[in-house]
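Working notes, beginning with the structure itself.
The values are calculated or read from the model by the stated rules, or taken from the named source; none is laboratory data. All figures in this text were calculated on a predicted structure; none of them were measured in a lab. Cβ: placed from backbone, ideal geometry, glycine included. Neighbour counts: every protein chain shown.
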Amino acid sequence: MEIQGNIAVVTGGASGLGAATAAHFASLGCKVAIFDLDRERGEQHAKDIDGLFVSVDVSDEVSVSAGLDAVENWAGSSVRVLVNCAGIVIGSKTVGKHGAHPLADFEKVIRINLIGTFNCTRLTAARMSEAQPLNCGDRGVVVSTASVAAFDGQVGQAAYSASKAAVAGMTLPIARDLANNAIRVCTIAPGIFMTPMMAGMPESVKQTLGDSVPYPKRMGDPREFAKTAAHIVDNQYLNGETIRIDGAIRLAPR
(Lines give C-alpha, C1' and ligand atoms only; values in the text may rest on other atoms or scores of the structure.)
Protein backbone atom coordinates (compact mmCIF):
# COMPACT_ATOMS: atom_id res chain seq x y z
CA MET A 1 0.00 0.00 0.00
CA GLU A 2 1.27 3.44 -0.86
CA ILE A 3 2.19 5.58 2.15
CA GLN A 4 2.19 8.82 0.19
CA GLY A 5 -1.13 10.59 0.30
CA ASN A 6 -2.68 8.32 2.92
CA ILE A 7 -3.59 8.92 6.56
CA ALA A 8 -1.74 7.28 9.45
CA VAL A 9 -2.25 7.26 13.21
CA VAL A 10 0.79 6.60 15.37
CA THR A 11 0.08 5.92 19.03
CA GLY A 12 2.83 6.88 21.44
CA GLY A 13 4.02 9.18 18.68
CA ALA A 14 5.31 11.95 20.92
CA SER A 15 8.64 10.26 21.64
CA GLY A 16 10.88 7.26 20.99
CA LEU A 17 9.97 4.72 18.33
CA GLY A 18 6.60 6.35 17.75
CA ALA A 19 8.09 9.79 17.15
CA ALA A 20 10.60 8.38 14.67
CA THR A 21 7.83 6.53 12.85
CA ALA A 22 5.61 9.60 12.69
CA ALA A 23 8.47 11.68 11.28
CA HIS A 24 9.47 9.03 8.72
CA PHE A 25 5.93 8.52 7.48
CA ALA A 26 5.47 12.28 7.17
CA SER A 27 8.70 12.50 5.14
CA LEU A 28 7.18 9.97 2.73
CA GLY A 29 4.17 12.17 2.10
CA CYS A 30 1.77 10.65 4.62
CA LYS A 31 -0.55 12.76 6.75
CA VAL A 32 0.21 11.68 10.31
CA ALA A 33 -1.81 12.02 13.49
CA ILE A 34 -0.14 11.42 16.85
CA PHE A 35 -2.08 9.84 19.71
CA ASP A 36 -0.33 10.39 23.04
CA LEU A 37 -0.89 11.74 26.55
CA ASP A 38 2.28 13.87 26.49
CA ARG A 39 0.67 17.03 25.17
CA GLU A 40 3.78 19.24 25.22
CA ARG A 41 5.98 16.87 23.21
CA GLY A 42 3.12 15.64 21.07
CA GLU A 43 1.97 19.07 19.95
CA GLN A 44 5.52 20.15 19.15
CA HIS A 45 6.29 17.00 17.18
CA ALA A 46 3.00 17.26 15.29
CA LYS A 47 3.89 20.85 14.41
CA ASP A 48 7.35 19.78 13.23
CA ILE A 49 5.92 17.18 10.84
CA ASP A 50 2.86 19.20 9.79
CA GLY A 51 0.63 16.64 11.46
CA LEU A 52 -2.06 16.48 14.12
CA PHE A 53 -1.77 15.80 17.84
CA VAL A 54 -4.68 14.35 19.79
CA SER A 55 -4.55 13.61 23.50
CA VAL A 56 -5.70 9.99 23.65
CA ASP A 57 -5.71 7.27 26.29
CA VAL A 58 -5.21 4.17 24.15
CA SER A 59 -6.87 1.90 26.70
CA ASP A 60 -10.11 3.92 26.77
CA GLU A 61 -12.78 3.27 24.14
CA VAL A 62 -14.33 6.74 24.26
CA SER A 63 -10.95 8.46 24.07
CA VAL A 64 -9.79 6.45 21.04
CA SER A 65 -13.11 6.88 19.22
CA ALA A 66 -12.99 10.64 19.79
CA GLY A 67 -9.40 10.69 18.57
CA LEU A 68 -10.33 8.88 15.36
CA ASP A 69 -13.20 11.32 14.81
CA ALA A 70 -10.73 14.20 15.16
CA VAL A 71 -8.37 12.64 12.63
CA GLU A 72 -11.11 12.05 10.07
CA ASN A 73 -12.36 15.63 10.47
CA TRP A 74 -8.82 16.96 10.09
CA ALA A 75 -7.81 14.78 7.15
CA GLY A 76 -11.15 14.62 5.38
CA SER A 77 -10.73 10.90 4.70
CA SER A 78 -10.33 7.53 6.37
CA VAL A 79 -7.34 6.35 8.39
CA ARG A 80 -5.46 3.76 6.34
CA VAL A 81 -2.50 3.01 8.61
CA LEU A 82 -2.31 2.44 12.36
CA VAL A 83 1.04 2.04 14.09
CA ASN A 84 0.69 0.99 17.74
CA CYS A 85 3.75 2.26 19.62
CA ALA A 86 2.22 3.36 22.93
CA GLY A 87 3.60 1.37 25.84
CA ILE A 88 5.20 1.43 29.26
CA VAL A 89 7.77 -0.58 31.20
CA ILE A 90 7.56 -1.42 34.91
CA GLY A 91 10.26 -3.69 36.32
CA SER A 92 9.44 -5.90 39.28
CA LYS A 93 10.25 -9.46 40.29
CA THR A 94 7.43 -11.91 40.92
CA VAL A 95 8.68 -12.02 44.51
CA GLY A 96 11.20 -9.35 45.47
CA LYS A 97 12.66 -7.62 48.49
CA HIS A 98 9.31 -6.05 49.30
CA GLY A 99 7.19 -9.14 48.71
CA ALA A 100 4.96 -10.17 45.84
CA HIS A 101 4.83 -8.24 42.57
CA PRO A 102 2.23 -5.45 43.00
CA LEU A 103 -0.83 -6.59 41.09
CA ALA A 104 -1.74 -3.01 40.20
CA ASP A 105 1.58 -2.60 38.37
CA PHE A 106 1.01 -5.81 36.41
CA GLU A 107 -2.50 -4.73 35.49
CA LYS A 108 -1.30 -1.26 34.40
CA VAL A 109 1.29 -2.70 32.01
CA ILE A 110 -1.24 -5.14 30.53
CA ARG A 111 -3.86 -2.42 30.20
CA ILE A 112 -1.65 -0.01 28.28
CA ASN A 113 0.57 -2.36 26.29
CA LEU A 114 -1.91 -5.10 25.43
CA ILE A 115 -5.44 -3.79 25.90
CA GLY A 116 -4.40 -0.41 24.49
CA THR A 117 -2.99 -2.06 21.38
CA PHE A 118 -6.09 -4.19 20.86
CA ASN A 119 -8.45 -1.32 21.59
CA CYS A 120 -6.84 0.94 18.98
CA THR A 121 -6.64 -1.93 16.50
CA ARG A 122 -10.27 -2.99 16.77
CA LEU A 123 -11.68 0.54 16.63
CA THR A 124 -9.47 1.67 13.76
CA ALA A 125 -10.00 -1.55 11.82
CA ALA A 126 -13.76 -1.13 12.12
CA ARG A 127 -13.47 2.21 10.34
CA MET A 128 -10.99 0.89 7.79
CA SER A 129 -13.50 -1.85 6.97
CA GLU A 130 -16.05 0.76 5.91
CA ALA A 131 -13.64 2.49 3.52
CA GLN A 132 -13.36 1.70 -0.15
CA PRO A 133 -10.37 -0.49 -1.09
CA LEU A 134 -7.40 1.35 -2.51
CA ASN A 135 -6.04 0.57 -5.97
CA CYS A 136 -3.82 -2.15 -4.51
CA GLY A 137 -6.83 -3.80 -2.88
CA ASP A 138 -5.88 -2.97 0.72
CA ARG A 139 -8.30 -1.15 2.96
CA GLY A 140 -5.69 -0.62 5.67
CA VAL A 141 -2.61 -1.82 7.51
CA VAL A 142 -2.01 -2.22 11.24
CA VAL A 143 1.51 -2.40 12.65
CA SER A 144 1.90 -3.17 16.35
CA THR A 145 4.94 -3.15 18.61
CA ALA A 146 6.02 -6.15 20.65
CA SER A 147 9.57 -6.65 21.94
CA VAL A 148 12.27 -9.29 22.01
CA ALA A 149 11.27 -9.53 25.68
CA ALA A 150 8.19 -11.35 24.41
CA PHE A 151 10.45 -14.30 23.64
CA ASP A 152 13.38 -14.01 26.06
CA GLY A 153 12.23 -11.80 28.89
CA GLN A 154 14.68 -10.92 31.63
CA VAL A 155 14.49 -10.89 35.41
CA GLY A 156 11.82 -8.43 36.53
CA GLN A 157 10.05 -8.38 33.16
CA ALA A 158 7.10 -10.67 33.85
CA ALA A 159 4.49 -7.97 33.22
CA TYR A 160 6.25 -6.40 30.25
CA SER A 161 7.07 -9.75 28.63
CA ALA A 162 3.51 -10.99 29.15
CA SER A 163 2.07 -7.89 27.50
CA LYS A 164 4.42 -8.04 24.53
CA ALA A 165 4.10 -11.80 24.07
CA ALA A 166 0.34 -11.30 23.91
CA VAL A 167 0.72 -8.60 21.26
CA ALA A 168 2.80 -11.01 19.18
CA GLY A 169 0.38 -13.84 19.91
CA MET A 170 -2.69 -11.99 18.71
CA THR A 171 -1.09 -10.80 15.48
CA LEU A 172 -1.94 -13.86 13.39
CA PRO A 173 -5.52 -14.33 14.60
CA ILE A 174 -6.28 -10.65 14.08
CA ALA A 175 -4.77 -10.84 10.59
CA ARG A 176 -7.01 -13.83 9.90
CA ASP A 177 -10.02 -12.03 11.38
CA LEU A 178 -9.46 -9.05 9.09
CA ALA A 179 -8.42 -10.90 5.92
CA ASN A 180 -11.86 -10.64 4.36
CA ASN A 181 -11.81 -6.92 5.14
CA ALA A 182 -8.55 -6.50 3.16
CA ILE A 183 -6.72 -5.22 6.24
CA ARG A 184 -3.20 -6.51 6.89
CA VAL A 185 -1.74 -6.86 10.40
CA CYS A 186 1.90 -7.27 11.40
CA THR A 187 3.99 -6.73 14.51
CA ILE A 188 7.57 -5.55 15.01
CA ALA A 189 9.59 -6.92 17.94
CA PRO A 190 12.46 -4.48 18.51
CA GLY A 191 15.57 -5.29 20.51
CA ILE A 192 17.66 -2.70 22.35
CA PHE A 193 16.95 0.69 20.79
CA MET A 194 18.20 4.19 21.55
CA THR A 195 14.97 5.52 23.00
CA PRO A 196 14.76 8.50 25.39
CA MET A 197 14.86 6.06 28.33
CA MET A 198 18.14 4.59 27.03
CA ALA A 199 19.57 7.98 26.11
CA GLY A 200 19.51 9.02 29.76
CA MET A 201 21.74 6.15 30.85
CA PRO A 202 25.49 6.57 31.49
CA GLU A 203 27.70 6.17 28.44
CA SER A 204 29.33 3.10 29.95
CA VAL A 205 25.96 1.38 30.26
CA LYS A 206 25.00 2.28 26.69
CA GLN A 207 28.33 0.95 25.46
CA THR A 208 27.82 -2.33 27.31
CA LEU A 209 24.33 -2.71 25.90
CA GLY A 210 25.55 -2.01 22.39
CA ASP A 211 28.40 -4.49 22.74
CA SER A 212 25.92 -7.22 23.71
CA VAL A 213 24.42 -7.13 20.22
CA PRO A 214 26.06 -9.71 17.91
CA TYR A 215 26.07 -7.42 14.86
CA PRO A 216 26.02 -4.52 14.40
CA LYS A 217 27.44 -3.87 17.88
CA ARG A 218 25.26 -0.94 18.79
CA MET A 219 21.78 -0.11 19.89
CA GLY A 220 19.12 0.23 17.24
CA ASP A 221 18.27 3.60 15.75
CA PRO A 222 14.54 4.42 16.03
CA ARG A 223 14.64 5.35 12.36
CA GLU A 224 15.40 1.69 11.61
CA PHE A 225 12.18 0.72 13.38
CA ALA A 226 10.33 3.39 11.39
CA LYS A 227 11.71 2.07 8.10
CA THR A 228 10.56 -1.44 9.02
CA ALA A 229 7.05 -0.15 9.72
CA ALA A 230 7.04 1.66 6.37
CA HIS A 231 8.19 -1.49 4.58
CA ILE A 232 5.34 -3.48 6.13
CA VAL A 233 2.88 -0.93 4.78
CA ASP A 234 4.52 -0.98 1.35
CA ASN A 235 4.93 -4.78 1.00
CA GLN A 236 1.48 -6.25 0.46
CA TYR A 237 2.56 -9.85 1.03
CA LEU A 238 3.59 -9.14 4.61
CA ASN A 239 0.68 -10.18 6.79
CA GLY A 240 0.17 -11.98 10.09
CA GLU A 241 3.88 -11.91 10.95
CA THR A 242 5.96 -10.72 13.90
CA ILE A 243 9.34 -9.44 12.75
CA ARG A 244 12.31 -9.21 15.11
CA ILE A 245 14.62 -6.25 14.50
CA ASP A 246 17.42 -6.76 17.00
CA GLY A 247 20.86 -7.36 15.49
CA ALA A 248 20.47 -11.09 16.35
CA ILE A 249 20.47 -10.46 20.10
CA ARG A 250 18.96 -12.98 22.52
CA LEU A 251 18.52 -11.51 25.96
CA ALA A 252 20.35 -13.05 28.90
CA PRO A 253 18.41 -13.70 32.14
CA ARG A 254 19.62 -10.38 33.56
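Consider Phe151 carefully, then state whether it is farther than 21 Å from Ala226 by Cα, of a type outside the set (S, T, N, Q) and surrounded by 18 or more Cβ atoms within 10 Å (Cβ to Cβ). So Phe151 fails the test.
Exactly one residue among Ala75, Ala22 is surrounded by 17 or more Cβ atoms within 10 Å (Cβ to Cβ), modelled with pLDDT of 95 or more and over 23 Å from Thr187 (Cβ atoms), and that residue is Ala75.
Filtered by the rule that a residue be outside any helix (DSSP H, G or I) and at negative phi, segment 155-172 gives Val155, Gln157.
Consider segment 212-254 and keep the residues that are assigned to a loop (DSSP other than H, G, I, E, B) and of a type in the set (S, T, N, Q). The one that is nearest to the chain's Cα centre (by Cα) is Asn239. Scanning segment 70-86 turns up no residue that is under 20 Å from Leu114 (Cα atoms) and without any contact (Cβ under 8 Å) to a residue 60 or more places away in the chain. Given the structure, is Asp211 modelled with pLDDT of 95 or more and surrounded by fewer than 19 Cβ atoms within 10 Å (Cβ to Cβ)? Against the criterion (modelled with pLDDT of 95 or more and surrounded by fewer than 19 Cβ atoms within 10 Å (Cβ to Cβ)), Asp211 does not qualify. When Ile112, Ile49 are screened for being surrounded by fewer than 24 Cβ atoms within 10 Å (Cβ to Cβ) and in contact with a helix residue (DSSP H, G or I) (Cβ under 7 Å, 6 or more places away or on another chain), only Ile49 passes.
Would you mind stating whether Asn84 is more than 16 Å from the chain's Cα centre (by Cα) and either on the phi < 0 side of the Ramachandran plot or surrounded by 16 or more Cβ atoms within 10 Å (Cβ to Cβ) (or both)? For Asn84, the condition - more than 16 Å from the chain's Cα centre (by Cα) and either on the phi < 0 side of the Ramachandran plot or surrounded by 16 or more Cβ atoms within 10 Å (Cβ to Cβ) (or both) - is not met. If you check Thr228, Thr195, Thr187 for being closer than 24 Å to Leu28 by Cβ and touching a Leu at 6+ places or on another chain (Cβ under 9 Å), only one passes: Thr195. Could you check segment 173-208 and list, in sequence order, the residues that are surrounded by 15 or more Cβ atoms within 10 Å (Cβ to Cβ), assigned to a helix (DSSP H, G or I) and modelled with pLDDT under 95? Matches in segment 173-208: Met198, Lys206.
For segment 34-43, the count of residues that are surrounded by fewer than 24 Cβ atoms within 10 Å (Cβ to Cβ), aliphatic (A, V, I, L, M) and in contact with a helix residue (DSSP H, G or I) (Cβ under 8 Å, 6 or more places away or on another chain) is zero.
Screening Val95 against (1) within 19 Å of Met128 (Cα to Cα); (2) loosely packed, with under 14 Cβ neighbours inside 10 Å leaves a single unmet condition, (1). The test for being at pLDDT 95 or above, surrounded by 19 or more Cβ atoms within 10 Å (Cβ to Cβ) and of a type in the set (Lys, Arg) does not hold for Arg122.
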